[in-house]
Amino acid sequence: MVEAEHKRLRGCRADTLDGYLRALGLLVLADRAGVAVRSSWNESGVLELHLPKSERSLFAALAETDIDRLLPEVRTPWRGKEGRGSSFAELRNNASDEALAWFDACAVPLLQRQADRSDKRNNPLLGQGGGFGRSELQAAYEDARELLEKASTRRTVLATALEDLLAGREPAKETVKQLSVRSKVLGAYQSGRATGPGATRADGDPSGQQAWTNAWDLVLVVAGTRCFTGSLSRRPAPGAALQTTFPLLVRSRAIGLDTGNAYSLREEDDNAYELLAPLWSAAARTDVVVHRLRTLRVRVASGAPARDALEAAVAQAATAAGAAGFDRLERFALFAPSDPRYRFALHRGRLTARSSEVAIAAGRDLLAPRRRMEAAAGDRPPEGVRRARSAFDEALARNEPATTTLLALTRYEHALAQSLDESRRERLRLAWLDRRWDALAGRQREAGWRIGRGLAWAFQVPLHANRSAGWLRGPLLGQRFDGAWRLDPSGRAVDVIASATPLDALVREAIAEGRRLHDVVAAPAPVLLGDIVALLSGADDREVVSATLGAARLDGVVPSNRTQPGEDAITRADIGRWGIDRFTAVVMLAAQSESAGEPAGQLLARRLDLASFALARDRAQLLRTAMASLWRRALPVAAVAPTGSLPARPEALALALLLTIDPRVVHALQDRVAPPTTERGGQSRDERQ
């Protein structure tokens, strides 16, 4: 077995684009020199090499390799006089196989060219098809290649200079003089080093870069860019868009960023792109890595390439890029300042593979509707729409829990409803979210979700063709149904969540909507008694309201909540120990069905009355209404004082009276309201317990 040597190259770091491209270029050149290299990236984003031990070092091997074999020529005839009169497609078709990779890294031919437009699409990674303004990559590369060829007789100097560069060490002054190219062409890749909190445009602008470039650095970076070729074949079929897209390059979007970096959070423009630079933790051969880089496209659930950084973030979290072996994607935004011919790179963090079920569901159900919503909003949406869209995008990009994502979606839809004209609202198809989203939200095991879900689905409104919706979807989310769900500007979702007393506002909206309904179906999602106890004792009101809005957004019939362990064995003593007095038990029991066949409309009307009296703090009327219901059921009820105070949070009690309690808990409530019985020894059951 061949003993391996491990090298950690601190000059090949993935926190700057030039460091990343330098690392790829090293792998490509090592492969050309015939050195068997396996590579990986550590957790700090530093390249690690796994080499077979030999007397000759990797650096010496590169320095001794024939320059024509190690560094093939780079030509960009389309940028000079040489290519005048020929289309880019013609130049590409006549290029040698060796030159083809460079052509395809610089640009791809437009197979269906429009009049008065360029005949190629440039790779943002390589500026305007192989140059940045007057800085020509071809000229700089030729200068660097010539310097290295002249220094080939001093192989030790070449090897030492290369080793210093890759190790992140300062080279000797003599080496700098011998191996420096007077070119700023790498400025676009070297920027972004000072982009922390408080950074300004000057910190990333390439004009601040040194005019002298290490010849080794230039040829390594150029070799690294050749890994990102836009065409997968020499003769792409007409209309084959996927065959002529640059791998891992998407439209930039300011999502999932450190909020302390104001420069990174600036408004995007149409000329901003992001390179998603893959890292891999398992050691891999160079030929495998290069092939995957050239062929990989980050795809959404439909199979289409990700259009922007947000879709890429969702796709990465959903698939974990497992098939490609890349577990991390470094984000490098390629900005164009005032002059679009120049670009500079800005490191924007990392996308880490997580295989999230929420991301899978978002990729399947939310990305296409998001595109439709963005198109409906237009190029200059109002501030409220921009803020709501940004919050929704952040929830998707950061792979937030299902409840957070659902709430962000409802607020974005509501903001659109307030801003769009009638024709655009009518044309916009809303996302269809089935019961799988309920399962995702329920896995968080949050009491707030179960309470909100229980309220949103306590009753259903029939639609058509055996379809129904939760009774609160229309008024709370600003939506209406006329064969399909549409945005309705009369909704009040934002008012509820932004209210100073959100729980009170939610209950009042529910009561008002219930009074307007004439045809409802009781299809309850039973709530656990422990959750109601948490609600009465001070649960997070905004969490409950948010969960209600999210649950109301779900389509189709939502299944019942599962009973938590122990809920089916609750006793009279448990009810008292949890702080539910006889008065609260009476009114809660009255809010449940009087019989299995009780009409849904009758049950809803009684719950609305009970909740209204609770909000009005009318203890006497609340008790009379509740006692009348229990007497109709012929339930024995102990005397309860009609005077006294309501629980400290009447709005929480009102909401609890709109919910359906798990049937296995109802018997404990019945036991709690029953008159005490005297047992042997003259002690009542209440006294004994």
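The values are calculated or read from the model by the stated rules, or taken from the named source; none is laboratory data. Because the structure is a prediction, the values reported are computed rather than measured. Positions of Cβ are generated from backbone atoms using ideal geometry, with glycine treated the same way; all protein chains shown enter the neighbour counts. Heavy atoms of the whole protein, side chains included, go into the accessibility calculation; ligands, DNA and RNA do not. Shrake-Rupley method; radii C 1.70, N 1.55, O 1.52, S 1.80 Å.
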**Study point:** the range 352-388: number of residues that are in contact (Cβ under 8 Å) with a residue 24 or more places away in the chain, part of a helix (DSSP H, G or I), open to solvent by 20 Å² or more (accessible area, probe 1.4 Å) and over 17 Å from A315 (Cβ atoms)
**Key:** 3
Review point. What residue, among those in the range 578-598 that are open to solvent by 30 Å² or more (accessible area, probe 1.4 Å) and either within 44 Å of the chain's Cα centre (by Cα) or among the small types (G, A, S) (or both), is modelled with the highest pLDDT?
Key: S593
Practice item. Output the number of residues of the range 1-41 satisfying the condition of being in a loop (DSSP other than H, G, I, E, B) and not acidic (D, E). Key: 9
Exercise for review: Sort out which residues of the range 426-475 are polar (S, T, N, Q) and in contact (Cβ under 8 Å) with a residue 12 or more places away in the chain, and write them in order of number.
Suggested key: Q444, Q460, S468
Check your understanding: If we keep just the residues of the range 277-299 that are more than 23 Å from S233 (Cβ to Cβ) and in contact with a helix residue (DSSP H, G or I) (Cβ under 8 Å, 6 or more places away or on another chain), which is surrounded by the most Cβ atoms within 10 Å (Cβ to Cβ)?
Key -> A277
Exercise for review: Examine the range 482-494 for a residue that is modelled with pLDDT under 90 and assigned to a helix (DSSP H, G or I), and state whether such a residue exists.
Suggested key: yes
Practice item. Give L407, L472, L506 a once-over and let me know the one that is under 26 Å from the mean Cα position of the chain (by Cα), closer than 29 Å to A377 by Cα, among the aliphatic types (A, V, I, L, M) and buried (at least 19 other Cβ atoms within 10 Å of the Cβ). Key: L407
**Study point:** Residues located in the range 14-62, provided they are of a type outside the set (G, A, S), over 28 Å from G349 (Cα atoms), open to solvent by 40 Å² or more (accessible area, probe 1.4 Å) and touching a residue at least 40 places away in the same chain (Cβ under 8 Å)
**Key:** D31, P52, K53
Exercise for review: State all residues of the range 510-534 that are hydrophobic (A, V, I, L, M, F, W, C), under 33 Å from the mean Cα position of the chain (by Cα) and open to solvent by 30 Å² or more (accessible area, probe 1.4 Å); if no residue qualifies, say none.
Suggested key: A534
Exercise for review: Give the range 124-150 a look and list any residue that's hydrophobic (A, V, I, L, M, F, W, C) and touching a residue at least 60 places away in the same chain (Cβ under 8 Å), or say none.
Suggested key: L125, L126, F132, L137, A140, A144, L147, L148
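Residue-by-condition table, conditions (1) touching a Gly at 6+ places or on another chain (Cβ under 8 Å); (2) surrounded by 21 or more Cβ atoms within 10 Å (Cβ to Cβ); (3) modelled with pLDDT under 85:
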| position | (1), (2), (3) |
| --- | --- |
| R436 | no, no, no |
| G448 | no, yes, no |
| G452 | yes, yes, no |
| L455 | no, yes, no |
| A465 | no, no, yes |
| L477 | yes, yes, no |
Review point. Restricting attention to the range 608-617, does a residue exist that is at pLDDT below 90 and under 29 Å from G474 (Cα atoms)?
Key: no
Review point. Can you find even one residue in the range 535-543 that is of a type outside the set (S, T, N, Q), over 32 Å from the mean Cα position of the chain (by Cα) and in a helix (DSSP H, G or I)?
Key: yes
Practice item. For the range 648-689, enumerate the residues that are of a type in the set (V, I, T), in a loop (DSSP other than H, G, I, E, B), open to solvent by less than 50 Å² (accessible area, probe 1.4 Å) and at pLDDT below 85. Key: none
